[in-house]
Amino acid sequence: MKKAVLHAVYPGSFDPVTLGHMDIARRALGIFGRLTVAILENTDKAGFFSFAERQEIFLEAVREAGLRGVEVVHFSGLLTDFAQHIGADLVVRGLRAVSDFESELQMAQMNRRLSSELETVFMTPSEDVSYISSGLVREIASFGGDISSLVPHAATVRLAERFGRA
Ligand code: PNS
């Protein structure tokens, strides 16, 4: 019997995408069948990479990983409005540690208040990538540390370029 396809939206800053994010994306795609990665365009928070760069890096990483059925877009405004706009069935968020839980629970419940139909599904990454964060990756890269086992190749290249080590 053919599996039903659900459309999941995976929102985040992804500045840049890490192997932890890729692990969640791959798992979510395997379960739901369609995934839209949604990069938040928050204009009052200056990021490291531009939204266009983050999108390019994520797209290259998706290609590199051979994932079919993943779109990468950016969005502004409320996640619930965006999810409704693209017809998403659910939101996927990764939980790396207990420390993530409190804010994630609050966000999921607030999103449910804003849109009672939209479920949030939490997924845990593989333990070998669960300690990775974009912030730590940027810091290590800024001091010339090796980040090649923490992020997709596309992100390694862009970080090296940005820190003048290409
Ligand atoms: O990777 P991040 O920074 O933890 O992702 C946070 C994100 C993008 C999921 C969250 O900030 C978000 O959904 N922002 C959109 C604005 C919104 O809907 N705010 C109300 C959330 S309860």
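The values are calculated or read from the model by the stated rules, or taken from the named source; none is laboratory data. A quick note: this is a predicted structure, and the numbers were derived from the prediction, not measured. Every residue, glycine as well, gets a Cβ built from its backbone with ideal geometry; the counts of neighbours run over all protein chains shown. When the accessible area is computed, the model is the full protein with side chains, heavy atoms only, and any ligands, DNA or RNA have been set aside. Shrake-Rupley method; radii C 1.70, N 1.55, O 1.52, S 1.80 Å.
Those residues that are crowded, with 20+ Cβ neighbours inside 10 Å and either in a strand (DSSP E or B) or within 8 Å of the chain's Cα centre (by Cα) (or both), I need them from the stretch 25-39; list them, please.
Taking the stretch 25-39 and keeping what is crowded, with 20+ Cβ neighbours inside 10 Å, we get 25, 28-29, 32, 35-39.
A25, L35, T36, V37, A38, I39, listed by residue number.
How many residues, within the stretch 122-155, are open to solvent by less than 50 Å² (accessible area, probe 1.4 Å) and not hydroxyl-bearing (S, T, Y)? It would help to see each step written out before you state the result.
First pass over the stretch 122-155, keeping only residues open to solvent by less than 50 Å² (accessible area, probe 1.4 Å): 123, 125-126, 129-130, 132-135, 137, 141-142, 144-145, 147, 150-152, 154-155.
Subset that is not hydroxyl-bearing (S, T, Y): 123, 125, 129, 132, 135, 137, 141, 144-145, 147, 150-152, 154-155.
Residues that pass the stated criteria total 15.
Is there a residue being part of a loop (DSSP other than H, G, I, E, B), closer than 24 Å to Y131 by Cα and in contact with a helix residue (DSSP H, G or I) (Cβ under 6 Å, 6 or more places away or on another chain) anywhere in the stretch 46-54?
There is at least one residue in the stretch 46-54 that is part of a loop (DSSP other than H, G, I, E, B), closer than 24 Å to Y131 by Cα and in contact with a helix residue (DSSP H, G or I) (Cβ under 6 Å, 6 or more places away or on another chain).
Return the residues of the stretch 98-112 that are within 11 Å of the ligand (Cβ to nearest atom), open to solvent by less than 100 Å² (accessible area, probe 1.4 Å), out of contact with any helix residue (DSSP H, G or I) (no Cβ under 7 Å at 6 or more places or on another chain) and polar (S, T, N, Q); say none if nothing qualifies.
The one that is within 11 Å of the ligand (Cβ to nearest atom), open to solvent by less than 100 Å² (accessible area, probe 1.4 Å), out of contact with any helix residue (DSSP H, G or I) (no Cβ under 7 Å at 6 or more places or on another chain) and polar (S, T, N, Q): S103.
Grab the helices (runs of 4 or more DSSP H) fully contained in the stretch 60-166, keeping just those with 2 or more residues being touching a strand residue (DSSP E or B) at 6+ places or on another chain (Cβ under 9 Å) and modelled with pLDDT of 95 or more. I'd like the intermediate steps shown before the answer.
Numbers: elements: 79-86, 98-114, 134-142, 153-162.
Helices (runs of 4 or more DSSP H) meeting the threshold: 79-86, 98-114.
Can you find even one residue in the stretch 102-125 that is of a type outside the set (A, V, I, L, M) and touching a residue at least 60 places away in the same chain (Cβ under 8 Å)? First the steps, then the outcome.
Narrowing the stretch 102-125 to residues of a type outside the set (A, V, I, L, M): 102-104, 106, 109, 111-113, 115-117, 119-120, 122, 124-125.
Cutting the leftovers down to touching a residue at least 60 places away in the same chain (Cβ under 8 Å) gives us 125.
Within the stretch 102-125 (the criterion being of a type outside the set (A, V, I, L, M) and touching a residue at least 60 places away in the same chain (Cβ under 8 Å)), the answer is yes, since at least one residue qualifies.
Return a yes/no flag: does the stretch 61-82 have any residue that is touching an Asp or Glu at 6+ places or on another chain (Cβ under 8 Å), open to solvent by less than 20 Å² (accessible area, probe 1.4 Å), within 11 Å of the ligand (Cβ to nearest atom) and not charged (D, E, K, R).
Within the stretch 61-82, one or more residues are touching an Asp or Glu at 6+ places or on another chain (Cβ under 8 Å), open to solvent by less than 20 Å² (accessible area, probe 1.4 Å), within 11 Å of the ligand (Cβ to nearest atom) and not charged (D, E, K, R).
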